[in-house]
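Before any comments, here is the structure.
Here, each number is a calculation from the coordinates, and none is a lab measurement. In this text, all values refer to a predicted model and were calculated from it rather than measured experimentally. We place every Cβ from the backbone using ideal geometry, glycine too, and count neighbours over all the protein chains shown.
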Amino acid sequence: MQIGPPQLARVGRWVMIEFRNTSKSYDDGTLAVSELNLTAASHEITVLVGSSGCGKTTMLRMVNRLVTPTSGQVLIDDVDVADRHPVELRRSIGYVMQNSGLLPHRTTVDNIATVPVLRGTPVREARKRALELMETVGLDRSMARRYPWQLSGGQQQRVGVARGLAADPNILLMDEPFGAVDPIVRADLQRELLRLQAELGKTILFVTHDIAEAITLGDKIVILAKGGRIAQQGSPAEIMAEPKDEFVTSFLGLDGGRSLHVDGDLVVDPSGRPVGRLA
Amino acid sequence: MLDNGGTIADATWAHLLLALPAIVISFVVAVPVAWVASRFRRSRFSLLLLAGLIYAIPSLPLFIILPLVLGTSVRSIVNVIAALGLYGVALMVRYAADALDAVSGDTVLAATAMGYGPWRRFFGVQLPLAGPALLAGLRVVAVSTVSLVPVSALLGVNSLGLLFTDGFQRGIFAEVLAGIVATVVVAVVVDLALVMLGRLLMPWEIPRVRRDGRRDAEVETVAPS
């Protein structure tokens, strides 16, 4: 099935995330992010990709104030998040993390209903909506009363995505959400996310260390080097066609024996094996 | 012994009236103290040391010193409950601090990211997840409290302990034995009641993960309908 870009016409609002000269250093002197200037466009998937220690998770967490920048700003639609109440802010932003981060003492349906209940939706109503969301993310309703440990890794991640969407946020932050599942399930989850995104048109900031995943999902890819420096940003096609420097080239695997090239909308390696797909 | 059923029942009731409030106090006071110890790492050492020292106070002197502080009489049940509660808190603080420390940081982070405020996160996430370990600690405290109550009989406060003192003084072996058996029965019943309460309050029972990282096979197949 061909998956096109999100249908934006019917989505009137614009929801943009912007980092302005944003830096974060820790007490021990580590500079996680330095002078970051970056925009995540409305209703698009922006993928932050880089190896561990490049500050990508820190960047994500600055958006919902889990991490406070040392200097600079993070803005959502031109409003500095520092001016918003952190708890209210977080309830308005979907957050999906690795290993799902589900509450182990709550059933599937209650996990999904978490944020609406926090926002004051009556529990019955929130559960009803949660059941609908289970279908949206491809979970059988028979899972509704199971606890997280009774679900497979892939199912847990689906619950995590459903929970992130439950309060119908405009923004979804996804921190390596598919990092802990096997490749087949991961490909499945990636397809589902693209299908959902075509329907919902959220502004998604997605963190991964997997370049193939970035190419598959990203409308825009931001390749990060150590210290949160942007090595290159652009659409997957732009980056694949013109890697800016050696770092990007090696990150893409374009150097040496494992060079990738684009064939139609597929990214294939020299043996013709597809490793990704241009969204 | 059957003729004395009424006396034993009265003493059991009096025993529970001393032990149960002390157990409740232990839990209610120890959890906030443990929260402080768990939240502010620097306070942890001194708080746990203080708890250890309190626990080391011999019980009879404590029963006699406390009234001076509380302004109650030595034989008041308030005095006895306060002393038992103090030992319970001292014992429970360490269990509770360990229980709170053991809650997964990732889960707490996830709760924060969902938009839990600090209070709601504590009562809705941290406390329930620490629940099984808190319960394990509380069971020890409960049994220890029930078996500490008889000491108060030396002050003349009514409990199953009076069966010991009275039995010793009058040389009635059956009375001493009845006191011992009844105390053990009370301890076991209180313990079982706590286990039941735990099942009721914590229905999610997460299976222990085996060393190889897999769950117990029998548990794996169980799924609530």
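What fraction, in whole percent, of alpha-carbon pairs in segment B:68-127 exceed 12 Å separation?
Roughly 73 percent, once rounded to a whole number.
Evaluated at 4 °C with a viscosity of 1.567 mPa s, what Stokes-Einstein diffusion coefficient in µm²/s does the protein assembly as shown have when Rh comes from the Kirkwood expression over alpha-carbon pairs?
49
Show that you can apply the helix-only estimate: for chain A, add -39,500 (n - 2.57) for every DSSP H stretch of four or more residues, divide by all residues, and state [θ] at 222 nm to the nearest 500.
-9000 deg cm²/dmol
Taking each residue of B:105-112 in turn, how many C-beta atoms of other protein chains fall within 10 Å of its C-beta, and what is the average?
The mean count of partner-chain Cβ atoms within 10 Å per residue comes to 5.
Return a whole-number percent for the relative contact order of chain B, with Cα pairs under 8 Å and 6 or more residues apart as the contact set.
24
At a 10 angstrom cut-off on C-beta neighbours, averaged per residue, how do the peptides B:150-156, B:88-94, A:74-80, A:132-138 rank from highest to lowest?
The packing order, highest mean first, is B:88-94, B:150-156, A:132-138, A:74-80.
Order of A:Arg84, B:Arg170, A:Arg65 from fewest to most other C-beta atoms within 10 Å?
Fewest to most other Cβ atoms nearby, the residues stand as B:Arg170, A:Arg84, A:Arg65.
Among B:51-57, B:199-205, B:175-181, how do they line up by average Cβ neighbours within 10 Å per residue, starting with the highest?
Ranking the peptides B:51-57, B:199-205, B:175-181 by packing returns B:175-181, B:51-57, B:199-205.
May I ask for the Kirkwood hydrodynamic radius of segment A:163-213, worked out over all distinct Cα pairs and given in angstroms to one decimal?
Computed over segment A:163-213, the radius equals 11.7 Å.
Quick one: divide the alpha-carbon radius of gyration of segment B:2-205 by 2.2 N^0.38 Å and tell me what you get.
Working it through for segment B:2-205, the quotient is 1.17.
Rounded to the nearest angstrom and ordered from largest down, what semi-axes does the equivalent ellipsoid of chain A get from its C-alpha gyration tensor (root of 5λ)?
After diagonalising the Cα gyration tensor, the semi-axes are 30, 24, 17 Å.
Could you work out the relative contact order of chain A, using alpha carbon pairs under 8 angstrom and six or more residues apart, expressed as a whole percent?
Relative contact order comes out at 24 percent.
Just to be sure I understand: if I project the alpha-carbon convex hull of segment A:189-279 onto a plane and average over all orientations, what area do I get in nm²?
Mean projected area for segment A:189-279: 6.2 nm², to one decimal.
Which whole number gives the average count of other chain Cβ atoms within 10 Å of the Cβ atoms across peptide A:88-96?
If you average over the peptide's residues, the count of other-chain Cβ atoms is 3.
Would you mind listing how long segment B:59-102 runs along its three principal axes, going by Cα atoms, in whole Å with the largest first?
Computed over the Cα atoms, the extents are 42, 16, 14 Å.
Within 10 Å of each Cβ of B:113-124, how many other protein chain Cβ atoms are there on average?
Partner-chain Cβ atoms within 10 Å, mean over residues of B:113-124: 6.
Starting from the Cα of A:Lys202, draw a straight line to each of the lysines and keep only those under 28 Å, dropping any in the same chain fewer than 8 residues away.
Hits, sequence-local ones excluded: A:Lys24, A:Lys56, A:Lys128, A:Lys220.
Fewest first, what order do B:Phe168, B:Phe122, A:Phe19 take by the number of other Cβ atoms within 10 Å?
Going from sparsest to densest Cβ surroundings: B:Phe168, B:Phe122, A:Phe19.
In deg cm²/dmol, rounded to 500, what helix-only [θ] at 222 nm does chain B give when every DSSP H run of at least 4 residues adds -39500 (n - 2.57) and the total is split over its residues?
Estimated from H runs of four or more residues: -25000 deg cm²/dmol.
In debye, nearest 20: dipole of the protein assembly as shown around its Cα centre with unit charges on the Cβ of K, R (+) and D, E (-)?
For the protein assembly as shown, the charge dipole is close to 860 debye.
What would the Debye equation give as log₁₀ I(q)/I(0) for segment A:105-209 at q = 0.13, 0.22 Å⁻¹, counting only Cα atoms as equal point scatterers?
-0.44, -1.27
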